[in-house]
Amino acid sequence: MNYDFKAIESKWQKYWEEQKLYRAVEDSAKPKYYCLEMFPYPSGKLHMGHVRNYSIGDVVARFKRMNGYNVLHPMGWDAFGLPAENAAIKHGIPPAKWTWDNIENMRNQLKSLGLSYDWDREIATCHPEYYKWTQWFFLKLYKMGLAYRKKSFVNWCPSCATVLANEQVVDGRCERCGAEVGKKDLEQWFFKITKYADELLKDLKNLPGWPDKVKIMQENWIGRSEGVEFSFTVEGSGDKIPVFTTRPDTVYGVSYVVLAPEHPLVKKLSSGTPQENAVKEFQKKIEKLNEVARTSTETEKEGLFIGAYAINPMNGEKIPIWTANYVLLEYGTGAVMGVPAHDQRDFEFAKKYKLPIKVVVSPPGKVIDAESMTEAYVERGILVNSDEFSGMDNIDAIEAVIKYMEQKGIGKAKVNYKLRDWLISRQRYWGAPIPIIYCEKCGVVPVPEEELPVMLPPDVEFNPRGTSPLLECEEFLNTTCPKCGGPARRETDTMDTFMCSSWYYYRYTDARNAQKPFDEKKLDYWMPVDQYIGGVEHAILHLMYSRFFNKAMRDAGLVHVDEPFVNLLTQGMVLKDGAKMSKSLGNVVSPEDIIDKYGADTARLFILFASPPERDLEWSDQGVEGCFRFLQRVWRLVEELSSRINDEDAGLKADKAVRRLVHKTIKKVTLDISERFNFNTAISAIMEMVNGLYAAKEQEISGVVLKEAVESLLLLLAPFAPHITEELWSRMGKKQSIHLMPWPKYSEEAIAEEEVEIVVQVNGKLKFKISLPAGISDEEVKRQVLDSEKLKPHIQGKNIMRVIIVPGKLVNIVAK
């Protein structure tokens, strides 16, 4: 029989599904292993990035299962989101139908890859039985004081007609549609992630199984800084302008204060001044810019004097109050102090607008002339022009100034964070409705738990006007207040889809529970996730939100782990012709086409062999063909050697060499998968083993040695190429699935070489090689090499000065 991959793959996929081979059940007698790949958005088609992600996870799951672990390996769908609404607008297809049709198609594609998922635990975040619990968790956060509503300026995409998180704005444009993002002042729902800022930062050190680059990205996003908060007093009005600074050593060098254009004091203080109209125009101009553009180092800093002055509490100096594009109301206090002599941004701003520059830190033994400065002095130095602090080292002065401010009641030491609270409101239809009701009499009223889920109405009008389509759905909008029974209206915003993905890994542990989100005993058995796999693009948003959610639910007493994901693997991209695959570049390779032409095992093998998982992978048609030819070689080899297997253990000449090859390969593959996830080198070792068995098959080999060799080959290859190995295993007369077999163990005794080949050099140059018994002492190696007839012509007439030995490898004789 030839290698008919289509028939083989179809046969075994059906068998695995019928037998529920990969069904996970809690079993206290076995160690558990929770292997999870980030679930996909159901766009309709798998791409090669998906194939890579899920193939990596499948190897890990299969390997752990064969090593005696009780493995949970689930799959589901991150199914809410904007593309479904765009499809409704463009094609008139209801979002639910578009989504469920795509799920059906992608589920079939995943099954065609032979992935070892427990499909009984499949979830979709758009299913009411799922988003019921998303809403339940919202209410839990609301009761804990972690969900709140406030009016704030938000990033607004006019094309998508929705709010965007800062992270969804790329270079001032919507990451999805590319439209220019503006500002809008809206009532929004937030989660208080900032309450956990310190713990989120501190606990990164408890994640040794995460890539350093991801931890650094989270660290930078949280942005912890220590300093002092104090206030400038507005001359005349007495209004306070609080600022936070990490450089209190420079407070005597403040020459202006800057307010965010949205700051309420800007309007108040400029009103009635000659600057009033100019300030209004400036505010309108800045309104069109998003936060990312305003804070970018490439954006030119622009500002305007607002016609008012403030008093520096440390020296009583009067300084002008400005407004500028680079200060944001949502960050810190919405105001910053300007110290142009010691901050480069402030220096450039002061130079542009001819503002005073006052030096308060100088290099030891030198005097800096403010007039001749070409850039800010930001190095360590000695304080000058700083009253009683003059002469102090500026690093020491930081603490001294804070202490002084606290003693005098001027300011207070404070820890600040760049991290902002999580904005979850979305003006969309296709998301989990926020379970809140507004009553004129009772105010904000949470929907009672027994009334969940708040269902999405099936029929809504999709005309993006900047408001949610739910606003025009009367049967959804109008309701009864649960408190007083009077008329009320529902919240029409839906939740950010990151809310749905912040808890999905819990639901997999008890996916069909209709009474609660999960059974705590089941959750405690499976959590935390042992291995999480996904793209580095989720390093900040999804992973940070999931960590916050887990800590909040721990504090609610629902979960009993501090971190949801023990180990994290961020796989690289799949490239073609040096670029990421995309329709616009015309370099997309369809997984369906590859599977149809070569089979799923070939697709999996290539994607795992072509590159280490964390690096980008360059697609190669020749590489795919090479993997296909390799599987054909395996087929032919196993078919041929299987016929020679028997119980004879004759101790034939080739037995030891074959066993050594087999056990060396078992060791290499085992360590590569278990310790390093070096799937590419593991596959390479299996390929070398196949080459070695082809070379040895003409020799006389005992039947039992052949049996061990063939079985070991199939077992090692099984996690990578599950279909062909299952078929060949079955054709050897095995009754139980290869994927339920124990992983082969290697023997160091079998690996040990009887002889080793030693390279002999004279004065660093290779002269000859000599075979010596393995394990002999260095003295014996030296004696045998020096006694060798081969050495004599190379040292004739010379004195041996020194003999250098690298055990088991090399002898270098230094002779003069």
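The values are calculated or read from the model by the stated rules, or taken from the named source; none is laboratory data. Quick caveat, the model's predicted, so the values are computed rather than measured. Cβ sites come from the backbone with ideal geometry, for glycine too, and all protein chains shown count toward neighbours. These accessible areas exclude ligands, DNA and RNA; they are computed on the full protein's heavy atoms, side chains included. Shrake-Rupley method; radii C 1.70, N 1.55, O 1.52, S 1.80 Å.
For W221, state whether it is in contact with a helix residue (DSSP H, G or I) (Cβ under 9 Å, 6 or more places away or on another chain) and either open to solvent by less than 20 Å² (accessible area, probe 1.4 Å) or under 16 Å from A308 (Cα atoms) (or both).
Working: in contact with a helix residue (DSSP H, G or I) (Cβ under 9 Å, 6 or more places away or on another chain): yes; either open to solvent by less than 20 Å² (accessible area, probe 1.4 Å) or under 16 Å from A308 (Cα atoms) (or both): no.
So W221 fails the test.
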Worksheet item: Of (1) in contact (Cβ under 8 Å) with a residue 12 or more places away in the chain; (2) out of contact with any Leu (no Cβ under 9 Å at 6 or more places or on another chain), L605 satisfies all except one. Which?
Response: (2)
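What are the residues in region 183-218 that are closer than 23 Å to S159 by Cβ, of a type outside the set (A, V, I, L, M, F, W, C) and open to solvent by 20 Å² or more (accessible area, probe 1.4 Å), if any?
Within region 183-218, the first condition is being closer than 23 Å to S159 by Cβ, and the residues that meet it are 183-189.
Those left that are additionally of a type outside the set (A, V, I, L, M, F, W, C): 183-185, 187-188.
The answer is K183, K184, D185, E187.
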Fill in: Residue tally, condition open to solvent by 10 Å² or more (accessible area, probe 1.4 Å), out of contact with any strand residue (DSSP E or B) (no Cβ under 8 Å at 6 or more places or on another chain), touching a residue at least 12 places away in the same chain (Cβ under 8 Å) and of a type outside the set (S, T, Y), over region 656-684
10
Worksheet item: Among the residues of region 762-774, is any touching a Phe, Trp or Tyr at 6+ places or on another chain (Cβ under 9 Å) and either crowded, with 20+ Cβ neighbours inside 10 Å or not basic (K, R) (or both)?
Response: no
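Do the conditions hold for A750, that is, is it modelled with pLDDT under 95, small (G, A, S) and surrounded by 14 or more Cβ atoms within 10 Å (Cβ to Cβ)?
Numbers: modelled with pLDDT under 95: yes; small (G, A, S): yes; surrounded by 14 or more Cβ atoms within 10 Å (Cβ to Cβ): yes.
So A750 fits the description; yes.
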Worksheet item: Hey, D78 hits all of (1) in contact with a Pro (Cβ under 7 Å, 6 or more places away or on another chain); (2) open to solvent by 40 Å² or more (accessible area, probe 1.4 Å); (3) not hydrophobic (A, V, I, L, M, F, W, C) but one; which does it fall short on?
Response: (2)
Item to complete: Would you mind telling me which numbered condition in (1) open to solvent by 60 Å² or more (accessible area, probe 1.4 Å); (2) farther than 19 Å from R660 by Cβ; (3) part of a strand (DSSP E or B); (4) not polar (S, T, N, Q) G797 fails?
Response: (3)
Worksheet entry | Residue that is nearest to E9 (Cα to Cα), among those in region 88-101 that are surrounded by fewer than 21 Cβ atoms within 10 Å (Cβ to Cβ) and in contact (Cβ under 8 Å) with a residue 60 or more places away in the chain | A96
Practice prompt. Any chance you could count how many residues in region 310-346 are in a strand (DSSP E or B) and either polar (S, T, N, Q) or without any contact (Cβ under 8 Å) to a residue 60 or more places away in the chain (or both)?
Written response: 1
Item to complete: Check off (1) open to solvent by less than 40 Å² (accessible area, probe 1.4 Å); (2) at pLDDT 95 or above for E688 and give me the number that stays unchecked.
Response: (1)
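Got a sec? Which of L568, L585 is in contact with a strand residue (DSSP E or B) (Cβ under 6 Å, 6 or more places away or on another chain) and free of Cβ contacts under 8 Å to residues at least 40 places away in the same chain? Spell out how you get there, then give the answer.
Working: L568 fails: free of Cβ contacts under 8 Å to residues at least 40 places away in the same chain.
After ruling out the rest, the residue left standing is L585.
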Practice prompt. Determine whether D562 is assigned to a helix (DSSP H, G or I), over 14 Å from the mean Cα position of the chain (by Cα) and either surrounded by fewer than 17 Cβ atoms within 10 Å (Cβ to Cβ) or of a type in the set (V, I, T) (or both).
Written response: no
Worksheet item: Hey, any hits in region 641-661 for a residue that's under 19 Å from A750 (Cα atoms) and within 41 Å of the chain's Cα centre (by Cα)?
Response: yes
Fill in: Total residues in region 1-35, condition among the basic types (K, R) and either without any contact (Cβ under 8 Å) to a residue 12 or more places away in the chain or at positive phi (or both)
2
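In the set V359, V367, V415, V378, which member is closer than 21 Å to T246 by Cβ, open to solvent by 50 Å² or more (accessible area, probe 1.4 Å) and part of a loop (DSSP other than H, G, I, E, B)?
Details: V359 fails: open to solvent by 50 Å² or more (accessible area, probe 1.4 Å); V367 fails: closer than 21 Å to T246 by Cβ; V415 fails: part of a loop (DSSP other than H, G, I, E, B).
That would be V378, the only listed residue that is closer than 21 Å to T246 by Cβ, open to solvent by 50 Å² or more (accessible area, probe 1.4 Å) and part of a loop (DSSP other than H, G, I, E, B).
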Worksheet item: Is it the case that A293 is open to solvent by less than 30 Å² (accessible area, probe 1.4 Å), touching a residue at least 60 places away in the same chain (Cβ under 8 Å), in contact with a strand residue (DSSP E or B) (Cβ under 9 Å, 6 or more places away or on another chain) and over 20 Å from G338 (Cβ atoms)?
Response: yes
Item to complete: Would you list the strands (runs of 3 or more DSSP E) that sit entirely within region 439-507 and hold 2 or more residues that are at pLDDT 95 or above, in contact with a strand residue (DSSP E or B) (Cβ under 8 Å, 6 or more places away or on another chain) and open to solvent by 70 Å² or more (accessible area, probe 1.4 Å)?
Response: 478-480, 487-490
Response to the item:
Given the conditions (1) part of a helix (DSSP H, G or I); (2) under 30 Å from K516 (Cα atoms); (3) in contact (Cβ under 8 Å) with a residue 40 or more places away in the chain; (4) open to solvent by 40 Å² or more (accessible area, probe 1.4 Å), every one holds for M106 apart from (4)
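Return the only residue of R615, R629 being open to solvent by 80 Å² or more (accessible area, probe 1.4 Å), more than 24 Å from W743 (Cα to Cα) and assigned to a helix (DSSP H, G or I).
Values: R615 fails: assigned to a helix (DSSP H, G or I).
Residue meeting the stated conditions: R629.
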Item to complete: Only residues that are in contact (Cβ under 8 Å) with a residue 40 or more places away in the chain, closer than 19 Å to G307 by Cα and assigned to a strand (DSSP E or B): list them for region 232-256, please.
Response: F232, T233, V234, I241, P242, Y256
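What number of residues within region 572-610 are in a loop (DSSP other than H, G, I, E, B), under 21 Å from the mean Cα position of the chain (by Cα) and surrounded by fewer than 19 Cβ atoms within 10 Å (Cβ to Cβ)? Give the derivation first.
First, the residues of region 572-610 that are in a loop (DSSP other than H, G, I, E, B): 572-573, 577-578, 581-590, 599, 610.
The next check asks that each one be under 21 Å from the mean Cα position of the chain (by Cα); those that pass are 572-573, 581.
Subset that is surrounded by fewer than 19 Cβ atoms within 10 Å (Cβ to Cβ): 572-573.
Count: 2.
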Fill in: Residue match in region 509-517 (condition: in contact with a Pro (Cβ under 9 Å, 6 or more places away or on another chain) and without any contact (Cβ under 8 Å) to a residue 40 or more places away in the chain)
yes
Fill in: Subset of region 712-757 [in a helix (DSSP H, G or I), closer than 22 Å to L115 by Cα and without any contact (Cβ under 8 Å) to a residue 60 or more places away in the chain]
S712, L716, T725, W729, S730, I738
